[in-house]
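This report refers to the structure that appears directly beneath it.
The values are calculated or read from the model by the stated rules, or taken from the named source; none is laboratory data. These figures come from a predicted structure and were not determined experimentally. Here the Cβ is made from the backbone with ideal geometry for all residues, glycine too, and neighbour counts use every protein chain on show. With ligands, DNA and RNA removed, areas are computed over all heavy atoms of the protein, side chains included. Shrake-Rupley method; radii C 1.70, N 1.55, O 1.52, S 1.80 Å.
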Amino acid sequence: MLENRSLKIFLYLLLIVLPLRESFALMIGESTPMRLGEMLVALCPVLYFVFKEEYAEPVNTTSNLLIIFLAYSFVAGIGFGEHIEPSFAAKYFIRGILFFVLIRIAENKIMYIPEEYMELLFKYTVVIESVFCVMQMFGYTLLFGEFGPYTASETFGFQRLSGTASEPGYLIPVITPCIYYFISDFEKYKYWAIASFVIAILSLSSFGYVALLVVILIKLYLIFRDTDYKNVLVIGLGILFALFTVSIAFPQVRDIYEGISTKVLAFSSFDEEDMDYSGAERAENLLVATEALLESGGKSLLFGQGIGATAYYTDNNVVMFKPAEEANNLFLSVLLNQGLIGLILLLLLFGSVFRQARKTASSMALFAGFLTQLLQYMIVGNLWLYFFWLYIFFIIVINRQQELDEDFVEDYAQETTE
């Protein structure tokens, strides 16, 4: 298989930075970090146009949907947008175009990731996160390239750990691919799987525990989808009974349930007294965006109010906490900014990734990370988090790689029979 050496180096560098998140960054000015992954993505236009090795039949489904989404956002924003924020819109489109080229590279350029490299990626991720968690237990961390004290919030008297992420909840999309990969062959990787679970638990993230449950359910579905539904029902009831028994035996578990329900309440009630810790700020920005959406007319609902409309509303409303560039829900932000048409285009883009996930352990592990990040987008709004697009990149690379392997097997079979 022909592969350009520079593209191979680029591919392996992306694998290295995937779990590093916000830990290493170059600060531009006093407040703008450029993460290592973002620096690599910035090289994509050069890599795409300089190196010519391409598939004989490129498949540009996902990248085409992305550029259509961006083009529509631009046209609808100019034609129908009432509240465009120029600085936010410029950042939005520049990042979007860079990720378009990144995905185009995955779809067009010939790249290959040996399976042993994927195994190394997940082990490397667990090691990196373990080192950071231990460091944070001693009160220190490395964030955005600066080494300093670690002062995370506490839950039930325990300090929450964030690993290489800027917040404990953001650690979960980093570690869920590892959990999925290692439980796929638990006998071989049981110690790695246990370490992955421990890291996820140490985040003390209610969202994280829901995300872990989703990963486990995906795995159970793949295992039992051809099995009699009664077996699946028995397993599900067994898990519920185990949770019920544990909650009776250990009062601390009931405290955890109560804490999670309180956090959920922070998103379902906008009474200041009901809001709790991080949910309060997010809930308020959700309220501002929701009210703006409900008060918009039919045209605005269909085409949106322009890139940055959420920023406009949160900047111009009295809020208890800080305004946000996007509502703390990606899908609500897109609905407000780009309208129903924009949201449909974005969902089609995500659907194209769903269809490309293979049933191999490594591809499904990356898909678990992608899906977990999508779940997290229910409480955050930043579409252009680089690691989300790296998951898409690697899912497509593995998909195309397997297609090449299948073609190779077919060609080899034909040659041997002739």
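At a glance:
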| item | result |
| --- | --- |
| By average C-beta atoms within 10 angstrom, highest first, the peptides 306-316, 86-96, 67-77, 137-147 | 306-316, 67-77, 86-96, 137-147 |
| Other-chain or far-sequence residues with amide H under 5 Å of Arg35's (modelled H) | Leu26 |
| Cα-based radius of gyration of segment 37-101 once divided by 2.2 N^0.38 Å, which approximates compact folds | 1.34 |
| Average silhouette area of segment 1-73, convex hull of alpha-carbon atoms, in square nanometres | 7.1 nm² |
| Separation of the Val127 and Met34 label points, Cα + 7 Å toward Cβ, nm | 2.9 nm |
| Per residue accessible area of segment 154-224, 1.4 Å probe, in Å² | 43 Å² |
| Percent of Cα pairs exceeding the 27 Å cut-off, where the set is segment 22-162 | 47 percent |
| Full-extension gain in nm, Leu302 to Tyr140, via 0.36 nm per residue minus C-alpha separation | 53.5 nm |
| Protein accessible area in segment 33-127, 1.4 Å probe - carbon and sulfur % | 70 percent |
| Dimensionless Rg over Rh [segment 295-368; C-alpha; Kirkwood] | 1.16 |
| Sorted peptide list for 40-48, 206-214, criterion being average Cβ within 10 angstrom, highest first | 206-214, 40-48 |
| Segment Leu213-Phe350, extension gain: residue separation times 0.36 nm, minus the distance between their alpha carbons | 47.2 nm |
| For segment 58-67, 3J(HN,Hα) per residue [Karplus equation, 6.51 cos²θ - 1.76 cosθ + 1.60, θ = phi - 60°, Hz, x = Gly/Pro] | x, 10, 10, 4, 5, 5, 5, 5, 5, 5 |
| Approximate spin-label separation Ala42-Ala56, in nm, with each point projected 7 Å along Cα-to-Cβ | 3.9 nm |
| Cα gyration tensor shape of segment 126-214, rounded if a/c is under 1.5, else prolate or oblate by comparing a/b with b/c | prolate |
| With every protein chain in place, segment 346-390: carbon and sulfur % of accessible area (1.4 Å) | 71 percent |
| Pairwise centroid distance, computed over Cα atoms, of segment 164-180 with segment 347-399, Å | 14 Å |
| Cα-Cα over 22 Å, subset of Lys8/Lys219; Lys8/Lys91; Lys8/Lys188; Lys52/Lys91; Lys219/Lys359 | Lys8/Lys219; Lys8/Lys91; Lys8/Lys188; Lys52/Lys91 |
